[in-house]
Amino acid sequence: MAFPLHRPRRLRSTPALRRLVAETDLRPRHLVLPMFVKEGAGEPVPIASMPGVVQHSRDSLRKAATEAVAAGVGGLMLFGVPERRDATGSAGVDPDGVLNVALRDVSAEVGDTTVLMADTCLDEFTDHGHCGLLDADGRVDNDATLAVYAEMAVAQAEAGAHLVGPSGMMDGQVGVIREALDAAGHLDTGILAYTAKYSSAFYGPFREAVESQLQGDRKTYQQDGANVREALRELALDLEEGADLVMVKPALAYLDVLRAVAETADVPVAAYQVSGEYAMVEAAAANGWLDRDRTVLETLTSIRRAGADIVLTYWATEVAGRLTIE
Ligand code: PBG
């Protein structure tokens, strides 16, 4: 008998064979582009720790949104950087607040040709940088925060968001938002729930991007990186409360969580390749230590392979463009 009998390498022998048997597909529609818009900016402002990513002006946001849609991305996720912050994050609820204005701008520009999403969280808007309101002792007050999230989600739906994305990890956030959207007649506005959001060092560059005022950490509301069972509990609650899609975040350091959530969820699953994942690859590539383009595709394919239907990534437009040509 010839040896070896089994030759898995046979299916790797030409590019066409490899393409034929690829188990995981990465298409432009799988990618969602997170975008920042800065109130009062006349020009786009570069973000030092995220080379290639900017805080957009209203004009440059519209243009970049159009380009992303033309490249075929599945959706856009907007974050606002306000000029003024206060204890309750009131600019997040204000229809004239930077994020709501940006949603109306982008909605007018690209309409239903893409899926427009909004970050539904207070950290960009509060002067203390926390994702919720603080009580008299300086602790994040879960239930007081819920009322503001509900108002914020309705304002975002009214500004044109197809999906709202509660990212603050308050207990009950999906339920109150669903109730508020329904009561306001926004039955078709969906909820992309940040189901398993970990307290992560990989959010570092994002904090620069939104000029976060946070001192300390978010460990009393974001999850502990040691836990996966807890993510499944969060998943069950979000589904019960009416989440239309669920998300795991960050992505690369939590692929096992993503896999576990994808195996259990009966709704589409998203993963957020966060700012630190982006910065890590860009920094190594800038030093000539990694092949940037190959590394980027490998990370995105890995996130899809682990079970993500949708990947939020700052490389969305670029990669979508590359995938369309290939
Ligand atoms: C909170 C929020 C954060 C990110 C998305 N939404 C930051 C945080 O939790 O501190 C991080 C995204 C990234 O790092 O790319 N509104």
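The values are calculated or read from the model by the stated rules, or taken from the named source; none is laboratory data. Small disclaimer: the values here were computed from a predicted structure and weren't measured. Cβ atoms come from the backbone with ideal geometry, glycine included; neighbour counts cover every protein chain shown. Accessible surface is based on the protein model in full, side chains and every heavy atom, while ligands, DNA and RNA are left aside. Shrake-Rupley method; radii C 1.70, N 1.55, O 1.52, S 1.80 Å.
May I ask you to verify whether F36 is part of a strand (DSSP E or B), under 30 Å from D143 (Cα atoms), open to solvent by less than 60 Å² (accessible area, probe 1.4 Å) and in contact with an Asp or Glu (Cβ under 6 Å, 6 or more places away or on another chain)? Considered against the rule, which asks whether it is part of a strand (DSSP E or B), under 30 Å from D143 (Cα atoms), open to solvent by less than 60 Å² (accessible area, probe 1.4 Å) and in contact with an Asp or Glu (Cβ under 6 Å, 6 or more places away or on another chain), F36 comes out as no.
Only a single item in (1) at pLDDT 95 or above; (2) farther than 23 Å from S167 by Cα; (3) out of contact with any Gly (no Cβ under 7 Å at 6 or more places or on another chain) is not met by A320, and it is number (3).
Do you know which residues across region 161-181 are assigned to a loop (DSSP other than H, G, I, E, B) and either open to solvent by 20 Å² or more (accessible area, probe 1.4 Å) or within 13 Å of Y194 (Cα to Cα) (or both)?
If we filter region 161-181 for residues that are assigned to a loop (DSSP other than H, G, I, E, B), which is where we start, we get 161-162, 167-172.
Within region 161-181, H162, S167, G168, M169, M170, D171, G172 qualify.
Evaluating A265 against the criteria (1) open to solvent by 60 Å² or more (accessible area, probe 1.4 Å); (2) away from the ligand (no atom under 16 Å from the Cβ); (3) not acidic (D, E) leaves one unmet condition, (1).
S200 meets all of the listed conditions (1) under 20 Å from V267 (Cβ atoms); (2) open to solvent by 10 Å² or more (accessible area, probe 1.4 Å); (3) under 15 Å from the mean Cα position of the chain (by Cα) but one, namely (1). Checking I303 against (1) within 16 Å of the ligand (Cβ to nearest atom); (2) free of Cβ contacts under 8 Å to residues at least 40 places away in the same chain; (3) of a type in the set (A, V, I, L, M): exactly one of these is not met. Which one? The number of the failed condition is (2). If you go through region 118-155 and pick out every residue that is hydrophobic (A, V, I, L, M, F, W, C), touching a helix residue (DSSP H, G or I) at 6+ places or on another chain (Cβ under 6 Å) and not in a loop (DSSP other than H, G, I, E, B), you end up with 7.
Can D291 be described as in contact with a helix residue (DSSP H, G or I) (Cβ under 9 Å, 6 or more places away or on another chain), within 20 Å of P166 (Cβ to Cβ) and surrounded by fewer than 16 Cβ atoms within 10 Å (Cβ to Cβ)?
The answer is no for D291.
Criterion applied to R84, R18 was being assigned to a loop (DSSP other than H, G, I, E, B) and charged (D, E, K, R), and the one residue passing it is R84.
When you check A243 against the structure, is it more than 24 Å from W315 (Cα to Cα), more than 13 Å from the ligand (Cβ to nearest atom) and in a loop (DSSP other than H, G, I, E, B), yes or no? It is true that A243 is more than 24 Å from W315 (Cα to Cα), more than 13 Å from the ligand (Cβ to nearest atom) and in a loop (DSSP other than H, G, I, E, B). Within region 219-232, residues that are open to solvent by 60 Å² or more (accessible area, probe 1.4 Å) sit with their Cβ atoms under 7 Å from residues that are within 13 Å of the ligand (Cβ to nearest atom), at 6+ positions apart or across chains, in these pairs: K219/S199; T220/V140; D224/S199; E230/Q223.
Can you pull out the residues in region 67-84 that are farther than 28 Å from H128 by Cα, open to solvent by 60 Å² or more (accessible area, probe 1.4 Å) and of a type outside the set (A, V, I, L, M)? Give the steps one after another, and end with the answer.
Keep residues of region 67-84 that are farther than 28 Å from H128 by Cα, which gives 67-75.
Next cut, open to solvent by 60 Å² or more (accessible area, probe 1.4 Å) only: 67, 70.
Within region 67-84, just E67 meets the criteria.
Which of the following residues is of a type in the set (V, I, T), under 17 Å from the mean Cα position of the chain (by Cα) and more than 13 Å from the ligand (Cβ to nearest atom): V228, V174, V154?
Values: V228 fails: under 17 Å from the mean Cα position of the chain (by Cα); V154 fails: under 17 Å from the mean Cα position of the chain (by Cα).
Matching residue, one of V228, V174, V154: V174.
Just one of the listed residues (A184, A193) is among the hydrophobic types (A, V, I, L, M, F, W, C), more than 15 Å from the ligand (Cβ to nearest atom) and at pLDDT 95 or above, namely A184.
The residue that is most open to solvent (accessible area, probe 1.4 Å), among those in region 39-56 that are closer than 21 Å to R322 by Cα and part of a loop (DSSP other than H, G, I, E, B), is G52. Just give me the residues in region 268-278 being within 16 Å of the ligand (Cβ to nearest atom) and not charged (D, E, K, R), in sequence order. Across region 268-278, the qualifying residues are A270, A271, Y272, Q273, V274, S275, G276, Y278.
Evaluate region 61-76: report whether one residue or more is charged (D, E, K, R), closer than 26 Å to Y149 by Cα, out of contact with any His (no Cβ under 6 Å at 6 or more places or on another chain) and part of a strand (DSSP E or B).
Filtering region 61-76 down to residues charged (D, E, K, R) leaves 62-63, 67.
Within this subset, residues satisfying the condition of being closer than 26 Å to Y149 by Cα are 62.
From what's left, out of contact with any His (no Cβ under 6 Å at 6 or more places or on another chain): 62.
Subsequent filtering for residues that are part of a strand (DSSP E or B) retains none.
No, every residue in region 61-76 fails to be charged (D, E, K, R), closer than 26 Å to Y149 by Cα, out of contact with any His (no Cβ under 6 Å at 6 or more places or on another chain) and part of a strand (DSSP E or B).
Out of curiosity, is A253 within 16 Å of the ligand (Cβ to nearest atom), assigned to a helix (DSSP H, G or I), among the small types (G, A, S) and open to solvent by 40 Å² or more (accessible area, probe 1.4 Å)?
On the way: within 16 Å of the ligand (Cβ to nearest atom): yes; assigned to a helix (DSSP H, G or I): yes; among the small types (G, A, S): yes; open to solvent by 40 Å² or more (accessible area, probe 1.4 Å): yes.
Judged against the criteria, A253 is a match.
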